[in-house]
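The values are calculated or read from the model by the stated rules, or taken from the named source; none is laboratory data. Everything numeric here is computed off the predicted structure, so don't read it as measured data. Positions of Cβ are backbone-derived with ideal geometry, glycine not excepted, and every protein chain shown enters the neighbour counts.
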Amino acid sequence: MKTLAMFLLTIALASTQAEAQDSLTFHNGNSVYGEIKSMDRGVLTIETPYSKNDFTIEWVKVREIITTTNFLVTLANGDRFTGALRSVDSARVMLQGADGQAQHGLSDIVTMKTASEGFIDRVTASVSIGYSITKAQHAQQFSIRSGIGYTDRRWSSDISYNSVLASQDDVEDVERKDGGLNYNYFLPKDWYIPVSLSFLSNTEQLLKFRLLTKAGIGKYLRHTNRLYWGVSLGANYNTETFIDETPGRNSWESFFGTELNLFDIGDLSLLTRAAGYPSLTESGRFRADFSLDTKYDLPLDFYISLGVTVNYDNLPVEGASNTDYVCQTTIGWKWN
């Protein structure tokens, strides 16, 4: 009798512990209990008491979810919600929090981040470097690509800095630097307000410094836990100074752009951006910028990166090229 009582007590305690934890059930019928950390880019991370390492699980393999804590949830239609999740059936989940409650499809959930996370937990960062040297003419090239970002319920921001320095005997050094500060304020129905401040310096186009100050309106045409694709348009103020004696130029431009981010293709991710700038104050001038970044994930948060950037100006200053491009292959490390 005593043995039976102890057995029932053990079962009750285990049941209570399971109920106090987040739980996942997969399409194959298996379940796991623990503390869900996040779900981003189609991958859910959960910490369990029976493993030293967190488990990462593809979101499409989850059939049911129950959370005991609140999450910042982003939906495919652009809505953002703070609350706990509890599956209604194998396809739908109830979101319940201070904003009320609503049912949504499990596949409509794009990201989940713990609502109680502090500032540092919502920060992501990465840095990668590349270096090459050739005996002939003592040719050397050093590259760096870096970025840091922060995402909140209603807005996100990121800072980037990239640089290439190449030198060799009997040839002028080639130097190129670019970077920027981007801010997006999220509106209902996947609309957003993009504001950015970016700069470019490169010897190929005789640019000592170009500063772009942009603001506009954007819309995500596709937003899932596999990818997002957005378009935007607005106005830009362009300030330019040059390496030679050419006077600086200031002009107003309109802009239209697009951004595509693919992050559910195995260990590979891809981010590409393109923008066109028809001038409003310089007759016939048109500029365009294009960038492509791919990353292949390695163990221990390392990765290999290939980055391509192209800048075009149909009316550059005298002596400058109308096109400049750079291709950087680097190895880096990412955090969070």
query = Can you name the residue in the range 91-106 that is over 13 Å from I66 (Cβ atoms) and touching a residue at least 24 places away in the same chain (Cβ under 8 Å) and is also nearest to the chain's Cα centre (by Cα) among such residues?
reply = H104
message = Need pairs with beta-carbon distance below 7 Å; first residue closer than 12 Å to K61 by Cα and within the range 23-39, second of a type in the set (D, E); sequence gap 6+ or separate chains.
response = T25/E64
request  = Examine the range 129-141 for a residue that is among the aromatic types (F, W, Y) and part of a strand (DSSP E or B), and state whether such a residue exists.
outcome  = yes
task = Answer yes or no: is there a residue in the range 235-248 that is closer than 23 Å to I148 by Cα and either of a type outside the set (S, T, Y) or not in a loop (DSSP other than H, G, I, E, B) (or both).
result = no
request  = Look at A166 and say whether it is without any contact (Cβ under 8 Å) to a residue 40 or more places away in the chain, under 22 Å from G276 (Cβ atoms) and not in a loop (DSSP other than H, G, I, E, B).
outcome  = no
task = Please verify whether the range 86-104 includes one or more residues that are surrounded by 14 or more Cβ atoms within 10 Å (Cβ to Cβ), within 24 Å of L221 (Cα to Cα) and in contact with an Asp or Glu (Cβ under 6 Å, 6 or more places away or on another chain).
result = no
message = Just to verify a result, which residue in the range 137-158, among those that are loosely packed, with under 15 Cβ neighbours inside 10 Å, hydrophobic (A, V, I, L, M, F, W, C) and out of contact with any Asp or Glu (no Cβ under 9 Å at 6 or more places or on another chain), is nearest to Y185 (Cα to Cα)?
response = W155
ask   = In this structure, is Y312 hydroxyl-bearing (S, T, Y) and at pLDDT 95 or above?
value = yes
request  = Those residues that are out of contact with any strand residue (DSSP E or B) (no Cβ under 8 Å at 6 or more places or on another chain) and either under 21 Å from W229 (Cβ atoms) or buried (at least 18 other Cβ atoms within 10 Å of the Cβ) (or both), I need them from the range 254-309; list them, please.
outcome  = I265, G266
task = Quickly run through the range 41-73 and pick out the residues that are free of Cβ contacts under 8 Å to residues at least 60 places away in the same chain, assigned to a strand (DSSP E or B) and more than 22 Å from L300 (Cα to Cα).
result = V62, R63, E64, I65, I66, F71, V73
query = Within the range 184-204, which residues are surrounded by fewer than 19 Cβ atoms within 10 Å (Cβ to Cβ), closer than 26 Å to D313 by Cβ and either not polar (S, T, N, Q) or not assigned by TED's automatic domain parsing to the domain that holds D152 (or both)?
reply = V195, L197, F199, E204
key: Every residue from the range 205-253 that is crowded, with 17+ Cβ neighbours inside 10 Å and of a type in the set (G, A, S)   = G216, G218, G230, S232, G234
note = Log entry, pairs with first residue in the range 186-199 being within 17 Å of T224 (Cα to Cα), second being among the basic types (K, R), beta carbons closer than 6 Å, six or more apart or on different chains, reads F186/R154; W191/K219
query = What are the pairs, 6+ residues apart or on separate chains, where a residue within the range 304-317 that is more than 12 Å from N202 (Cβ to Cβ) has its Cβ under 6 Å from a residue that is surrounded by 16 or more Cβ atoms within 10 Å (Cβ to Cβ) and of a type in the set (K, R)?
reply = S305/K295; G307/R145; L315/R285
ask   = Just checking, how many residues over the range 17-61 are surrounded by fewer than 18 Cβ atoms within 10 Å (Cβ to Cβ), within 11 Å of M112 (Cβ to Cβ) and touching a Gly at 6+ places or on another chain (Cβ under 6 Å)?
value = 0
The range 161-177 - residue that is surrounded by fewer than 10 Cβ atoms within 10 Å (Cβ to Cβ) and touching a helix residue (DSSP H, G or I) at 6+ places or on another chain (Cβ under 8 Å) and, of those, modelled with the highest pLDDT = D169
